[in-house]
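What follows is one structure encoded as structure tokens, with my remarks underneath.
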Amino acid sequence: MDIIGHRGAKGEAPENTLSGFRYLMAMGIRQVEFDIHVSADGQLIVIHDKTLERTTNGIGFIKDKTQAELASLDACHKTFPQWPNNDGVPSLAEVLTLLKDFDHLQLEVKTESPEDCIIVAEQLPALWQAFGSRAVTTSFNIDYLRLMQQTQPQIPRGLLVEEYFQGDIIALAQELGCTLIAPHHRLLSAELVNRAHGFGLEVSTWTVDAPERMLALREMGIDSLITNVPTLAMKVLGV
């Protein structure tokens, strides 16, 4: 079972920043999850929230700021006041260049508008090409996954599933041509994992920080877990 750093290592370093990703690399982990939004000038940006206030010294919406404006912000010290670096909000191109040797990347697309989904679908193939099957684009947004299925079927897709989802996860993933499912960890059972594997689906899950839950999920046979605390996960799982 692989350990995937959530937004780099959200519980240990500033999330979705270049120095946060370097922190993960220094631990020896080569699996990561991060988030994508679209800037005002149509660039793909790595940040989780659609607004700036929680993680940066900026104010307002990502969609109203250019890539240059986002790069000029401080994306470290709002969450980690003593952090030695002062990174801006990075572009997807910058992040992928840094992570070029990673074994597994989950690129969660947070965009909601059809227009922004189209921008992602147009730009992602060129950036994805160097990674092939190592990079999966994931989303809760069914419309985005369907768009990628129709326009960029060569890029692997992963279905993210909220905790209170009531439908058939495997059937929906198959309908969307996904290769991976990533349900909230409370939705998982050994039966679901076995069914998913029977249909050729990889099983990931989020966001797992409790040691006892990490061990239970490993017993279920999942392929990977996303965690805010990779240092703890490595210790608990003996990696």
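The values are calculated or read from the model by the stated rules, or taken from the named source; none is laboratory data. Keep in mind the model is a prediction, meaning the values are calculated, not measured. When we count neighbours, we look across all protein chains shown, and the Cβ atoms used for this are built from the backbone with ideal geometry, even at glycine.
Each residue in region 22-59 was checked for being out of contact with any Ser or Thr (no Cβ under 7 Å at 6 or more places or on another chain), surrounded by fewer than 21 Cβ atoms within 10 Å (Cβ to Cβ) and farther than 26 Å from Thr205 by Cα, and 5 pass.
Determine, yes or no, whether Gly167 is without any contact (Cβ under 8 Å) to a residue 40 or more places away in the chain, more than 16 Å from the chain's Cα centre (by Cα) and on the phi > 0 side of the Ramachandran plot. Break it down into steps so the answer makes sense when it comes.
On the way: without any contact (Cβ under 8 Å) to a residue 40 or more places away in the chain: yes; more than 16 Å from the chain's Cα centre (by Cα): yes; on the phi > 0 side of the Ramachandran plot: no.
So Gly167 does not fit the description; no.
Among the residues of region 60-91, those that are closer than 21 Å to Ala13 by Cβ and exposed (fewer than 15 other Cβ atoms within 10 Å of the Cβ) comprise Ser72, Pro81, Gln82, Pro84, Asn86.
From the residues in region 96-107 that are out of contact with any Leu (no Cβ under 7 Å at 6 or more places or on another chain) and touching a residue at least 24 places away in the same chain (Cβ under 8 Å), which one is nearest to Pro183 (Cα to Cα)?
Within region 96-107, the match that is nearest to Pro183 (Cα to Cα) is Gln106.
Of the helices (runs of 4 or more DSSP H) lying entirely inside region 131-199, those carrying at least 1 residues that are closer than 18 Å to Leu105 by Cα are 142-151.
Restricting Gln106, Gln149 to those that are under 28 Å from Met25 (Cα atoms) and either modelled with pLDDT of 95 or more or polar (S, T, N, Q) (or both) reduces the list to Gln106.
With respect to the conditions (1) within 21 Å of Leu147 (Cβ to Cβ); (2) over 19 Å from the mean Cα position of the chain (by Cα), Ile119 falls short on a single one, namely (2). Go through region 123-154 and give me each residue that's within 16 Å of the chain's Cα centre (by Cα) and hydroxyl-bearing (Ser, Thr, Tyr). Result: Ser133, Thr137, Thr138, Ser139, Tyr144. Scanning region 225-239 for residues that are surrounded by fewer than 22 Cβ atoms within 10 Å (Cβ to Cβ) and at pLDDT 95 or above yields Asn228, Thr231, Leu232, Met234, Lys235, Val236, Leu237, Gly238. Evaluation of Asp116 against the conditions (1) under 23 Å from Ser224 (Cα atoms); (2) in contact (Cβ under 8 Å) with a residue 60 or more places away in the chain; (3) of a type outside the set (Val, Ile, Thr); (4) not in a strand (DSSP E or B) shows that the sole unmet condition is (1). With respect to (1) free of Cβ contacts under 8 Å to residues at least 24 places away in the same chain; (2) within 19 Å of the chain's Cα centre (by Cα); (3) farther than 24 Å from Leu124 by Cα, the lone exception for Asn86 is condition (2). The residues on offer are Arg157, Arg186, and the sole one that is in contact (Cβ under 8 Å) with a residue 12 or more places away in the chain, crowded, with 16+ Cβ neighbours inside 10 Å and either closer than 22 Å to Arg7 by Cα or within 16 Å of the chain's Cα centre (by Cα) (or both) is Arg157. Considering the conditions (1) more than 22 Å from the chain's Cα centre (by Cα); (2) free of Cβ contacts under 8 Å to residues at least 24 places away in the same chain, Asp74 is excluded by exactly one of them, (1).
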